[in-house]
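The structure under discussion appears below in the form of structure tokens.
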Amino acid sequence: MQELVTAYEVGATVYQLADRFGIERRTVSKILKRQGVATRWQRLSEADVDEAERLYAKGLSLARVAERLDVAADTVRLRLLKRGVKMRDPHWRG
């Protein structure tokens, strides 16, 4: 657990730690919270949202776009919706 906390404190993301330790990112967040670690919030800049919109328009899934931007897919989805981007059917294959 201390290894996870230390890795986070020196810059690893919750997504990287989830992969590294083979656990869900929500579990990483819960561990950090229990240990009293202040978490960093990943915000998307306008340039990031521009990139997300471009990638999504090219056919990448929300999950793939989020992976590239190192944020949650819901973060991408909400920001694209706020911009008025129409979401594809989640089962769409382009």
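The values are calculated or read from the model by the stated rules, or taken from the named source; none is laboratory data. Quantities reported herein were computed from a predicted structural model and do not represent experimental measurements. No Cβ is skipped: glycine too gets one built from the backbone with ideal geometry, and neighbour counts run over all protein chains shown. These area figures cover heavy atoms from the full protein model, side chains too; ligands, DNA and RNA do not enter into them. Shrake-Rupley method; radii C 1.70, N 1.55, O 1.52, S 1.80 Å.
Six or more apart or on different chains, Cβ atoms under 6 Å: show the pairs whose first residue is in segment 13-30 and under 14 Å from Ala66 (Cβ atoms) and whose second is open to solvent by less than 100 Å² (accessible area, probe 1.4 Å) and among the acidic types (Asp, Glu).
Thr13/Asp70
So which pairs qualify, if the first residue must be in segment 47-71 and in contact (Cβ under 8 Å) with a residue 12 or more places away in the chain and closer than 18 Å to Arg88 by Cα, the second must be open to solvent by 70 Å² or more (accessible area, probe 1.4 Å) and in a helix (DSSP H, G or I), the Cβ gap must be under 7 Å, and the two must be at least 6 apart or on different chains?
Leu55/Arg68; Leu62/Arg77
If a residue must be open to solvent by 80 Å² or more (accessible area, probe 1.4 Å), in a loop (DSSP other than H, G, I, E, B) and under 13 Å from Thr39 (Cα atoms), how many such residues does segment 1-23 contain?
To start, the set of residues in segment 1-23 that are open to solvent by 80 Å² or more (accessible area, probe 1.4 Å) comprises 1-3, 9-10, 16, 19-20.
Narrowing the set further to residues that are in a loop (DSSP other than H, G, I, E, B) leaves 1, 10.
Next, from what is left, pick out any that are under 13 Å from Thr39 (Cα atoms): 10.
Of the residues in that region, 1 qualify.
Which of the residues that make up segment 68-80 are under 22 Å from Arg26 (Cβ atoms), out of contact with any Ser or Thr (no Cβ under 9 Å at 6 or more places or on another chain) and either in a helix (DSSP H, G or I) or modelled with pLDDT of 85 or more (or both)?
Arg68, Asp74, Thr75, Val76, Arg77, Leu78, Arg79
Quick check on this structure: which one of Arg88, Arg64 is of a type outside the set (Asp, Glu), farther than 19 Å from Thr13 by Cα and in contact with a helix residue (DSSP H, G or I) (Cβ under 9 Å, 6 or more places away or on another chain)?
On the way: Arg64 fails: farther than 19 Å from Thr13 by Cα.
When all the criteria are applied, what remains is Arg88.
From the set of residues in segment 31-46 that are touching a residue at least 24 places away in the same chain (Cβ under 8 Å) and under 17 Å from Arg79 (Cα atoms), which is nearest to the chain's Cα centre (by Cα)?
Result: Gln42.
Within segment 54-61, does at least one residue satisfy the condition of being loosely packed, with under 14 Cβ neighbours inside 10 Å, touching a Gly at 6+ places or on another chain (Cβ under 6 Å) and either part of a loop (DSSP other than H, G, I, E, B) or not aliphatic (A, V, I, L, M) (or both)? Can you show your working first?
The first filter runs over segment 54-61 and keeps only residues loosely packed, with under 14 Cβ neighbours inside 10 Å, leaving 54, 57-59.
Within this subset, residues satisfying the condition of being touching a Gly at 6+ places or on another chain (Cβ under 6 Å) are 59.
Still in the list and also either part of a loop (DSSP other than H, G, I, E, B) or not aliphatic (A, V, I, L, M) (or both): 59.
Checked segment 54-61: at least one residue is loosely packed, with under 14 Cβ neighbours inside 10 Å, touching a Gly at 6+ places or on another chain (Cβ under 6 Å) and either part of a loop (DSSP other than H, G, I, E, B) or not aliphatic (A, V, I, L, M) (or both).
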